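For reference, the structure I am asking about is given below.
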Amino acid sequence: MSKFSVKKPLTVFVAVIAILVLGVVAYFRMTPDLLPNMDFPYVLIMTTYPGASPEKVEQEITKPMEQAMSTLDHIQEVTSVSSENVGMVVLEFTEGVNMDTVGVDIQQE
């Protein structure tokens, strides 16, 4: 490689210039986003039930909600947590699902 560079300096110079030009063109074609558009396949549903024990929240809110949401299309996993006054259900969907339509489906359930 070093012998070639010594024998053909013009070829090496042109190759370096071509690489630099391609780098500058690629740099100006990039479109950096501060906050890129990303869809995470998760939905978090929180409910409040003032004055209720964790058992009551689970029986009356969390379990029925889990059962209703588990029938949605593209559901991968349903997780729930019940605590005093609050119930939380986390829905995980398969990759690539349109989260806008998922939101509509959840509201219809």
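Students often get this wrong: which residues of the stretch 82-102 have the backbone nitrogen under 14 Å from the point 7 angstrom along Cα-to-C-beta of Asp39?
So the set is 93-102.
Of (1) 1.20; (2) 2.75; (3) 2.14, which one was derived for Cα Rg over 2.2 N^0.38 Å from the structure shown?
Entry (3).
Can you tell me the orientation of helix 9-29 relative to the chain, as the angle in degrees between its alpha-carbon axis and the longest Cα principal axis, to the nearest 10?
30 degrees
Cut-off is 10 Å between beta-carbons; in what order do Val43, Val21 appear when sorted fewest neighbours first?
Working: Val43 18, Val21 10.
Ordered from fewest to most neighbouring Cβ atoms within 10 Å, Val43, Val21 come out as Val21, Val43.
Obtain the nm distance between the two label points defined at Ile106 and Ser70 by a simple spin-label model: each point lies 7 Å from its Cα along the Cα-to-C-beta direction.
According to this spin-label approximation, the distance is 1.8 nm.
Further, regarding this structure: Rank these for me by crowding, Asp33, Asp73, Asp105, going from fewest to most other beta carbons within 10 Å.
Ranked by crowding around the Cβ, least crowded first: Asp33, Asp73, Asp105.
Follow-up. I need to check one value: relative contact order of the chain, counting alpha carbon pairs closer than 8 Å and at least 6 residues apart, in percent.
Across the chain, relative contact order equals 26 percent.
Expressed as an acute angle from 0 to 90° and rounded to the nearest 10, what is the orientation of the C-alpha long axis of helix 99-108 relative to the principal long axis of the chain?
For 99-108 against the chain, the angle is about 10 degrees.
Any read-out appearing in this document is the output of simple, stated calculations on the displayed coordinates, not a laboratory observation. The model shown is predicted, which means the values in this text are computed figures rather than measured ones. When we count neighbours, we look across all protein chains shown, and the Cβ atoms used for this are built from the backbone with ideal geometry, even at glycine.
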